[in-house]
Amino acid sequence: MKCVFVQLRCKPGTTYQVADRIYEREFASEIYSTSGEYDLLLKIYVEEEADVGKYINDKILDIDGITRSLTTMTFRAF
């Protein structure tokens, strides 16, 4: 499994609704509310052979209220 971090920017006033929808879908291992340029930080695990872009598009970006995302791929944990 590949560990991937996804940051999401939400429309004003929708962050908690977006987080609830993600939680209901049960694919994120961790969901954090954050300060700064993005509103939410997700930690997800994706199958090694999976297309990460398609996975994120299919599982996350169809949720109403998300205006932007930033994906960070990981390589090694220390």
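Provide a single number: the residues in the range 15-35 that are within 16 Å of residue 62 (Cβ to Cβ) and either surrounded by fewer than 17 Cβ atoms within 10 Å (Cβ to Cβ) or touching an Asp or Glu at 6+ places or on another chain (Cβ under 6 Å) (or both). Give the steps one after another, and end with the answer.
From the range 15-35, those within 16 Å of residue 62 (Cβ to Cβ) are 17-28; that's our starting set.
After this cut, where a residue has to be either surrounded by fewer than 17 Cβ atoms within 10 Å (Cβ to Cβ) or touching an Asp or Glu at 6+ places or on another chain (Cβ under 6 Å) (or both) as well, the list is 17, 20-21, 23-27.
Counting residues in the range 15-35 that are within 16 Å of residue 62 (Cβ to Cβ) and either surrounded by fewer than 17 Cβ atoms within 10 Å (Cβ to Cβ) or touching an Asp or Glu at 6+ places or on another chain (Cβ under 6 Å) (or both) gives 8.
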- Message: Pairs please, first residue from the range 63-78 and modelled with pLDDT of 95 or more, second anywhere and aliphatic (A, V, I, L, M) and part of a loop (DSSP other than H, G, I, E, B), Cβ atoms under 9 Å, 6+ apart in sequence or on different chains.
- Response: 66/60; 69/60; 69/61
- Take residue 38 and decide whether it is out of contact with any helix residue (DSSP H, G or I) (no Cβ under 9 Å at 6 or more places or on another chain), surrounded by 11 or more Cβ atoms within 10 Å (Cβ to Cβ) and farther than 13 Å from residue 9 by Cβ. no
- Query: Pairs under 7 Å by beta carbon, first residue farther than 14 Å from residue 2 by Cα in the range 40-58, partner surrounded by 12 or more Cβ atoms within 10 Å (Cβ to Cβ) and of a type in the set (Val, Ile, Thr), six or more apart or different chains?
  - Reply: 40/15; 40/18; 40/31; 40/34; 41/34
- Message: Give me the residue from the range 1-56 that is within 12 Å of the chain's Cα centre (by Cα) and of a type in the set (Lys, Arg) and, out of that set, farthest from residue 73 (Cα to Cα).
- Response: 21
- Message: On the basis of being touching a residue at least 40 places away in the same chain (Cβ under 8 Å), in contact with a Ser or Thr (Cβ under 6 Å, 6 or more places away or on another chain) and surrounded by 10 or more Cβ atoms within 10 Å (Cβ to Cβ), does residue 6 make the cut?
- Response: yes
- Message: Restricting to the range 41-78, name every residue that is in contact with a strand residue (DSSP E or B) (Cβ under 7 Å, 6 or more places away or on another chain), surrounded by fewer than 12 Cβ atoms within 10 Å (Cβ to Cβ) and in a loop (DSSP other than H, G, I, E, B).
- Response: 48, 74
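The values are calculated or read from the model by the stated rules, or taken from the named source; none is laboratory data. Worth saying up front: this structure is predicted, and the values here are computed from it rather than measured. Glycine also receives a Cβ, built like all others from the backbone with ideal geometry; neighbour counts cover every protein chain displayed.
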